[in-house]
Amino acid sequence: MTKFRRILLKLSGESLMGDKQYGIDEARLASYAEQIKTIADMGVQISIVIGGGNIFRGLSGTDKGFDRVKGDQMGMLATAINGLALSSALGALGQRNRLLTAIRMEPVGQFYSKWKAINAMEKGEIVILTCGTGNPFFTTDTGSALRGIEIEADVMLKGTRVDGVYTADPEKDPTATKFDTISYDEIYNKGLKVMDLTATTMCKENNLPIIVFDMDTPGNLEKVIKGENIGTYVHA
Ligand code: UDP
(Lines give C-alpha, C1' and ligand atoms only; values in the text may rest on other atoms or scores of the structure.)
Protein backbone atom coordinates (compact mmCIF):
# COMPACT_ATOMS: atom_id res chain seq x y z
CA MET A 1 0.00 0.00 0.00
CA THR A 2 1.26 3.47 -0.80
CA LYS A 3 0.25 6.74 0.82
CA PHE A 4 0.66 8.75 -2.38
CA ARG A 5 -0.70 8.09 -5.86
CA ARG A 6 1.31 10.71 -7.73
CA ILE A 7 4.47 12.47 -6.56
CA LEU A 8 6.85 15.18 -7.67
CA LEU A 9 10.38 14.28 -6.57
CA LYS A 10 12.98 17.07 -6.47
CA LEU A 11 16.61 16.03 -6.68
CA SER A 12 19.28 18.70 -6.48
CA GLY A 13 22.19 18.60 -8.87
CA GLU A 14 24.55 18.68 -5.90
CA SER A 15 23.13 15.44 -4.55
CA LEU A 16 24.26 13.70 -7.77
CA MET A 17 27.88 14.61 -6.96
CA GLY A 18 28.09 12.12 -4.11
CA ASP A 19 31.48 12.74 -2.51
CA LYS A 20 32.86 14.41 -5.62
CA GLN A 21 33.43 18.16 -5.95
CA TYR A 22 31.84 18.48 -9.40
CA GLY A 23 29.77 16.54 -11.90
CA ILE A 24 28.05 13.20 -11.49
CA ASP A 25 28.94 10.28 -9.23
CA GLU A 26 27.83 7.14 -11.09
CA ALA A 27 27.35 5.10 -7.90
CA ARG A 28 25.10 7.75 -6.35
CA LEU A 29 23.15 8.04 -9.61
CA ALA A 30 22.65 4.26 -9.76
CA SER A 31 21.51 4.21 -6.12
CA TYR A 32 18.92 6.93 -6.80
CA ALA A 33 17.72 5.10 -9.92
CA GLU A 34 17.23 1.88 -7.93
CA GLN A 35 15.30 3.66 -5.18
CA ILE A 36 13.10 5.39 -7.75
CA LYS A 37 12.43 2.15 -9.66
CA THR A 38 11.38 0.45 -6.41
CA ILE A 39 8.59 2.94 -5.85
CA ALA A 40 7.62 2.92 -9.54
CA ASP A 41 7.16 -0.87 -9.20
CA MET A 42 4.74 -0.13 -6.33
CA GLY A 43 2.53 1.72 -8.84
CA VAL A 44 3.35 5.30 -7.82
CA GLN A 45 3.19 7.86 -10.64
CA ILE A 46 6.48 9.78 -10.57
CA SER A 47 7.74 13.01 -12.08
CA ILE A 48 11.24 14.15 -11.15
CA VAL A 49 12.59 17.69 -11.32
CA ILE A 50 16.36 17.65 -11.39
CA GLY A 51 18.69 20.55 -10.51
CA GLY A 52 21.97 21.55 -12.08
CA GLY A 53 24.09 22.96 -9.25
CA ASN A 54 26.71 20.19 -9.64
CA ILE A 55 27.57 21.68 -13.03
CA PHE A 56 26.60 25.37 -13.17
CA ARG A 57 24.57 27.95 -11.25
CA GLY A 58 23.67 31.23 -12.93
CA LEU A 59 24.07 33.35 -9.80
CA SER A 60 27.59 32.12 -9.04
CA GLY A 61 28.42 32.75 -12.72
CA THR A 62 27.61 36.46 -12.33
CA ASP A 63 30.43 36.72 -9.74
CA LYS A 64 32.80 35.59 -12.47
CA GLY A 65 31.50 38.11 -15.00
CA PHE A 66 28.80 36.08 -16.78
CA ASP A 67 25.64 37.81 -17.91
CA ARG A 68 22.89 36.64 -15.51
CA VAL A 69 20.42 35.53 -18.17
CA LYS A 70 23.07 33.62 -20.12
CA GLY A 71 24.38 32.15 -16.87
CA ASP A 72 20.90 30.97 -15.93
CA GLN A 73 20.49 29.46 -19.38
CA MET A 74 23.77 27.60 -18.79
CA GLY A 75 22.32 26.39 -15.48
CA MET A 76 19.16 25.19 -17.20
CA LEU A 77 21.24 23.29 -19.77
CA ALA A 78 23.10 21.70 -16.84
CA THR A 79 19.78 20.30 -15.58
CA ALA A 80 19.24 18.71 -19.01
CA ILE A 81 22.65 17.00 -18.73
CA ASN A 82 21.68 15.61 -15.31
CA GLY A 83 18.29 14.57 -16.66
CA LEU A 84 19.95 12.59 -19.46
CA ALA A 85 22.17 10.87 -16.90
CA LEU A 86 19.16 9.93 -14.76
CA SER A 87 17.20 8.79 -17.81
CA SER A 88 20.11 6.57 -18.81
CA ALA A 89 20.47 5.11 -15.29
CA LEU A 90 16.74 4.31 -15.10
CA GLY A 91 16.85 2.83 -18.61
CA ALA A 92 19.75 0.58 -17.56
CA LEU A 93 17.42 -0.89 -14.91
CA GLY A 94 14.74 -1.50 -17.54
CA GLN A 95 12.61 1.36 -16.25
CA ARG A 96 10.74 3.20 -18.99
CA ASN A 97 11.06 6.95 -18.69
CA ARG A 98 10.58 10.13 -20.64
CA LEU A 99 12.66 13.30 -20.56
CA LEU A 100 10.81 16.57 -21.01
CA THR A 101 12.48 19.95 -21.34
CA ALA A 102 11.13 23.42 -20.51
CA ILE A 103 13.28 24.82 -23.36
CA ARG A 104 12.89 23.28 -26.80
CA MET A 105 15.80 20.95 -27.57
CA GLU A 106 14.50 17.98 -29.53
CA PRO A 107 15.82 15.28 -29.84
CA VAL A 108 17.31 15.56 -26.33
CA GLY A 109 13.80 15.53 -24.90
CA GLN A 110 10.26 16.53 -25.79
CA PHE A 111 9.03 20.04 -25.06
CA TYR A 112 7.16 20.00 -21.74
CA SER A 113 3.42 20.15 -21.37
CA LYS A 114 1.29 19.11 -18.42
CA TRP A 115 -0.61 16.65 -20.61
CA LYS A 116 2.50 14.94 -21.94
CA ALA A 117 3.72 14.48 -18.37
CA ILE A 118 0.42 13.09 -17.10
CA ASN A 119 -0.13 10.80 -20.11
CA ALA A 120 3.37 9.36 -19.73
CA MET A 121 2.92 8.75 -15.98
CA GLU A 122 -0.41 7.07 -16.59
CA LYS A 123 1.34 4.71 -19.03
CA GLY A 124 3.85 3.76 -16.33
CA GLU A 125 6.73 5.93 -17.49
CA ILE A 126 8.77 7.99 -15.07
CA VAL A 127 8.87 11.61 -16.24
CA ILE A 128 12.11 13.59 -15.90
CA LEU A 129 11.49 17.33 -16.03
CA THR A 130 14.50 19.42 -16.97
CA CYS A 131 15.38 23.10 -17.53
CA GLY A 132 13.43 24.18 -14.43
CA THR A 133 10.74 26.68 -15.35
CA GLY A 134 12.47 27.56 -18.62
CA ASN A 135 13.02 31.13 -17.39
CA PRO A 136 16.03 32.88 -15.88
CA PHE A 137 15.93 34.21 -12.29
CA PHE A 138 14.16 31.06 -11.07
CA THR A 139 15.48 27.89 -9.44
CA THR A 140 14.65 24.25 -9.86
CA ASP A 141 12.97 24.38 -6.43
CA THR A 142 10.50 26.85 -7.94
CA GLY A 143 10.34 24.60 -11.03
CA SER A 144 9.41 21.71 -8.70
CA ALA A 145 6.69 23.72 -7.00
CA LEU A 146 5.29 24.82 -10.36
CA ARG A 147 5.39 21.37 -11.96
CA GLY A 148 4.12 19.67 -8.80
CA ILE A 149 1.06 21.92 -8.85
CA GLU A 150 0.56 21.57 -12.61
CA ILE A 151 0.71 17.77 -12.69
CA GLU A 152 -1.59 17.60 -9.63
CA ALA A 153 0.91 15.76 -7.47
CA ASP A 154 -0.24 14.70 -4.00
CA VAL A 155 3.06 15.86 -2.50
CA MET A 156 6.47 17.26 -3.35
CA LEU A 157 9.28 15.10 -2.02
CA LYS A 158 12.49 17.04 -1.56
CA GLY A 159 15.34 14.55 -1.32
CA THR A 160 18.38 16.07 0.38
CA ARG A 161 21.51 15.08 2.32
CA VAL A 162 19.88 16.17 5.57
CA ASP A 163 17.04 14.16 7.12
CA GLY A 164 14.57 17.05 7.44
CA VAL A 165 14.11 20.69 8.43
CA TYR A 166 16.13 21.81 11.48
CA THR A 167 16.07 24.87 13.76
CA ALA A 168 19.55 25.68 12.34
CA ASP A 169 21.97 24.04 9.88
CA PRO A 170 22.75 20.69 11.59
CA GLU A 171 26.02 20.42 9.65
CA LYS A 172 27.20 23.62 11.39
CA ASP A 173 25.25 23.80 14.70
CA PRO A 174 25.26 20.60 16.84
CA THR A 175 22.40 21.92 19.03
CA ALA A 176 20.00 22.14 16.05
CA THR A 177 16.82 20.08 16.45
CA LYS A 178 14.60 18.61 13.74
CA PHE A 179 10.95 19.47 13.09
CA ASP A 180 8.65 16.48 12.43
CA THR A 181 6.09 18.87 10.95
CA ILE A 182 6.21 22.59 10.24
CA SER A 183 3.87 25.07 8.55
CA TYR A 184 4.80 27.27 5.58
CA ASP A 185 4.29 30.33 7.83
CA GLU A 186 6.70 29.00 10.45
CA ILE A 187 9.30 28.62 7.70
CA TYR A 188 8.89 32.32 6.83
CA ASN A 189 8.70 33.51 10.44
CA LYS A 190 11.75 31.56 11.60
CA GLY A 191 13.70 32.43 8.41
CA LEU A 192 14.45 28.74 7.73
CA LYS A 193 16.21 27.82 4.51
CA VAL A 194 14.10 24.93 3.23
CA MET A 195 13.66 26.21 -0.31
CA ASP A 196 13.79 29.69 -1.80
CA LEU A 197 10.85 31.90 -0.88
CA THR A 198 9.32 31.87 -4.37
CA ALA A 199 9.07 28.08 -4.25
CA THR A 200 7.70 28.05 -0.69
CA THR A 201 5.10 30.68 -1.57
CA MET A 202 3.92 28.71 -4.61
CA CYS A 203 3.48 25.58 -2.50
CA LYS A 204 1.65 27.55 0.21
CA GLU A 205 -0.70 29.37 -2.17
CA ASN A 206 -1.59 26.16 -3.99
CA ASN A 207 -1.60 23.85 -0.98
CA LEU A 208 1.11 21.48 -2.15
CA PRO A 209 2.60 19.74 0.91
CA ILE A 210 6.34 19.04 0.97
CA ILE A 211 8.27 16.25 2.65
CA VAL A 212 11.96 17.00 3.17
CA PHE A 213 13.92 13.78 3.75
CA ASP A 214 17.34 12.15 3.43
CA MET A 215 17.41 10.52 0.01
CA ASP A 216 21.01 9.35 0.40
CA THR A 217 19.99 6.49 2.71
CA PRO A 218 18.70 3.70 0.46
CA GLY A 219 15.18 2.65 1.42
CA ASN A 220 14.10 6.08 2.66
CA LEU A 221 12.16 6.97 -0.48
CA GLU A 222 10.13 3.77 -0.10
CA LYS A 223 9.49 4.57 3.58
CA VAL A 224 8.16 8.01 2.67
CA ILE A 225 5.88 6.50 0.03
CA LYS A 226 4.53 4.00 2.55
CA GLY A 227 3.69 6.88 4.91
CA GLU A 228 6.38 6.26 7.54
CA ASN A 229 7.14 9.40 9.51
CA ILE A 230 10.67 10.16 8.45
CA GLY A 231 11.85 13.61 7.42
CA THR A 232 9.83 16.79 7.95
CA TYR A 233 6.30 17.33 6.67
CA VAL A 234 5.65 20.93 5.53
CA HIS A 235 1.96 21.86 5.45
CA ALA A 236 -0.51 24.76 5.52
N1 UDP B 1 17.71 27.86 -13.51
C2 UDP B 1 16.99 28.89 -14.10
N3 UDP B 1 15.62 28.80 -14.14
C4 UDP B 1 14.94 27.76 -13.61
C5 UDP B 1 15.67 26.74 -12.98
C6 UDP B 1 17.06 26.81 -12.94
O7 UDP B 1 17.56 29.85 -14.60
O8 UDP B 1 13.69 27.74 -13.68
C9 UDP B 1 19.19 27.92 -13.54
C10 UDP B 1 19.80 28.77 -12.45
O11 UDP B 1 20.94 29.41 -12.95
C12 UDP B 1 20.20 27.73 -11.41
C13 UDP B 1 20.64 26.58 -12.29
O14 UDP B 1 19.72 26.61 -13.39
O15 UDP B 1 21.25 28.18 -10.59
C16 UDP B 1 20.64 25.22 -11.65
O17 UDP B 1 19.43 25.03 -10.92
P18 UDP B 1 19.43 24.97 -9.31
O19 UDP B 1 20.42 25.95 -8.74
O20 UDP B 1 18.02 25.09 -8.85
O21 UDP B 1 19.96 23.50 -9.08
P22 UDP B 1 20.13 22.68 -7.71
O23 UDP B 1 20.50 23.64 -6.61
O24 UDP B 1 18.84 22.01 -7.42
O25 UDP B 1 21.22 21.69 -8.04
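The values are calculated or read from the model by the stated rules, or taken from the named source; none is laboratory data. Since the structure is predicted, the reported quantities are computational estimates derived from the model, not experimental observations. Here Cβ is always computed from backbone atoms with ideal geometry, including for glycine, and neighbour counts include all displayed protein chains. Surface areas here come from the heavy atoms of the whole protein model, side chains and all, with no ligands, DNA or RNA. Shrake-Rupley method; radii C 1.70, N 1.55, O 1.52, S 1.80 Å.
Between ARG161 and GLU122, the C-beta separation translates, for a Förster distance of 35 Å, into a calculated FRET efficiency of about 0.60. Here segment 12-61 exposes an accessible surface that is 49 percent carbon and sulfur, computed with a 1.4 Å probe and the other protein chains kept in place. If the segment from MET42 to ASP25 were pulled out straight at 0.36 nm per residue, it would be longer than the present Cα-Cα gap by 3.5 nm. Residue ranges 171-182, 110-121 sort as 110-121, 171-182 when ordered by packing (mean number of other C-beta atoms within 10 Å per residue, highest first). The residues of segment 117-236 present an accessible area of 46 Å² per residue when probed at 1.4 Å with all protein chains retained.
Projecting the Cα atoms of PRO136, ILE210, MET105 onto the charge dipole of the chain (Cβ charges, centred on the Cα centre) puts MET105 farthest toward the positive pole.
Using the 1.4 Å probe convention, the accessible area of segment 64-103 works out to 46 Å² per residue with neighbouring protein chains retained. Put simply, the amide H of ASN97, placed in the peptide plane, has neighbours under 5 Å in ILE126, leaving out anything fewer than 5 places away on its chain.
Given a cut-off of 19 Å, name the pairs among LYS158/LYS178; LYS114/LYS193; LYS3/LYS114 whose C-alpha atoms lie farther apart than that in the structure shown. From the list (LYS158/LYS178; LYS114/LYS193; LYS3/LYS114), the Cα-Cα distance tops 19 Å for LYS114/LYS193; LYS3/LYS114.
Once the C-beta distance of PHE111 and ASP214 is scaled by a Förster radius of 35 Å, the resulting FRET efficiency is 0.55 to the nearest 0.05. Inter-label distance, ALA236 to ARG104: 3.9 nm, where each label sits 7 Å from its Cα along the C-beta direction.
The per residue volume of the convex hull around the alpha-carbon atoms of segment 83-236 is 130 Å³.
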